[in-house]
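Below: the structure, in structure tokens.
The values are calculated or read from the model by the stated rules, or taken from the named source; none is laboratory data. In this text, all values refer to a predicted model and were calculated from it rather than measured experimentally. Note: ideal-geometry Cβ built from the backbone for every residue, glycine included; neighbour counts use all protein chains shown. Heavy atoms of the whole protein, side chains included, go into the accessibility calculation; ligands, DNA and RNA do not. Shrake-Rupley method; radii C 1.70, N 1.55, O 1.52, S 1.80 Å.
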Amino acid sequence: MQAHRPLWARLAATPRTLLLDYDGTLAPFVPQGMRAPPYPGVPDLVRRLMRRPDTHVVLVSGRPAELVASLMGLDPAPEIWGCHGLEHLNARGELTRLPLAPGLQEGLDDAEAWAEARRHAGYLEHKPGCLAMHVRGLPRAKADFLLTDTAAAWQEIAARAPLELHAFDGGLELRPRGVHKGHAVATMRKDASPERVFLYLGDDKTDEDAFQALGPRDVAVLVRGEHRPTVAAWWLRPPAELLAFLQALLDLPEGINKGESP
């Protein structure tokens, strides 16, 4: 982080919005069906950052927003965008969802029926407006077969329904066309002041949409044990470097533009 001293100096002089992915960023990956708690120390740092008048903390996740709130265990919970931006849980705890296009649920039902017929239903995760096939923790041959089998069938379903098929680290997901984490970032960026700097921390390919929605003054941070091709300018290895980064944000001088809204 010392190589980015000019940026740290700029962050110290401007309000900021801290956008945090959950799985793989704030919490380790776990086999399908399990709910990973955040890394030790993360909830306390996030809680303290939420109390700063110059920092707006927002979680952005592929999981349902209320599940992320439960996993973080913060009271009050931060603002959360869930299901890749399909859901929004505001700071008052009010949940809203984007309307689903006609035919979308029918497409998800067809994808689930196919998985049940192929005896793959045990690897499914159901989310509002989304359906995911998880292979994390499976033997390599089983995982490869499941991904290949699912991709062929779900791509055909996505072609006739308002759905898109996306790969993520550990599986495949069907979700509404045009709905991704970048939508959430663009929505917040549009309503924020030009002076505010956005920092987005994410690990997965699904976070690249969010990275690309950031403005020229904003900062994309890859949080991952191993580097991969990315547009992110920074790379942190969790959990140690992640915790150090959050602590460095917490250590910045406080009190910049207290009256400015996020």
What about V221, is it within 27 Å of H126 (Cβ to Cβ), in contact with a Leu (Cβ under 7 Å, 6 or more places away or on another chain) and β-branched (V, I, T)? no
Hey, L243 in contact (Cβ under 8 Å) with a residue 24 or more places away in the chain, touching a Gly at 6+ places or on another chain (Cβ under 6 Å) and either basic (K, R) or in a helix (DSSP H, G or I) (or both) or not: yes
So E79 clears everything in (1) surrounded by 19 or more Cβ atoms within 10 Å (Cβ to Cβ); (2) touching an Asp or Glu at 6+ places or on another chain (Cβ under 9 Å); (3) free of Cβ contacts under 8 Å to residues at least 40 places away in the same chain except one condition, right? Which one? (2)
How many residues are part of a loop (DSSP other than H, G, I, E, B) and out of contact with any Lys or Arg (no Cβ under 6 Å at 6 or more places or on another chain) if we restrict to the stretch 187-214? 7
When the stretch 159-179 is examined, which residues are found to be more than 22 Å from S61 (Cα to Cα) and outside any loop (DSSP other than H, G, I, E, B)? A159, R160
F245: passes all of (1) open to solvent by 10 Å² or more (accessible area, probe 1.4 Å); (2) out of contact with any Cys (no Cβ under 9 Å at 6 or more places or on another chain); (3) not small (G, A, S) but (1)
Could you tell me whether any residue of the stretch 163-171 is in contact (Cβ under 8 Å) with a residue 40 or more places away in the chain and more than 18 Å from the chain's Cα centre (by Cα)? yes
Residue in the stretch 216-233 that is surrounded by the most Cβ atoms within 10 Å (Cβ to Cβ), counting only those that are among the β-branched types (V, I, T) and within 16 Å of F168 (Cα to Cα): V223
Between a first residue in the stretch 102-125 that is in contact (Cβ under 8 Å) with a residue 40 or more places away in the chain and surrounded by fewer than 18 Cβ atoms within 10 Å (Cβ to Cβ) and a second residue that is in a loop (DSSP other than H, G, I, E, B) and not aliphatic (A, V, I, L, M), which pairs have beta carbons less than 7 Å apart while being 6 or more apart in sequence or on different chains? G103/P162; E125/Q32
Condition first: open to solvent by less than 50 Å² (accessible area, probe 1.4 Å) and farther than 15 Å from V60 by Cα. Can you find one or more residues in the stretch 198-214 that meet it? no
Pairs, please: C-beta under 6 Å, at least 6 apart or cross-chain, first residue within 20 Å of D23 (Cβ to Cβ) and in the stretch 175-190, second outside any helix (DSSP H, G or I) and among the aliphatic types (A, V, I, L, M)? V179/L86; K181/V60; A184/V60
Condition first: open to solvent by 10 Å² or more (accessible area, probe 1.4 Å), touching a helix residue (DSSP H, G or I) at 6+ places or on another chain (Cβ under 8 Å) and assigned to a helix (DSSP H, G or I). Now tell me which residues in the stretch 128-156 satisfy that. A153
Quick check on my filter: what residues within the stretch 88-99 are open to solvent by less than 50 Å² (accessible area, probe 1.4 Å), in a strand (DSSP E or B) and over 18 Å from A213 (Cα atoms)? L89
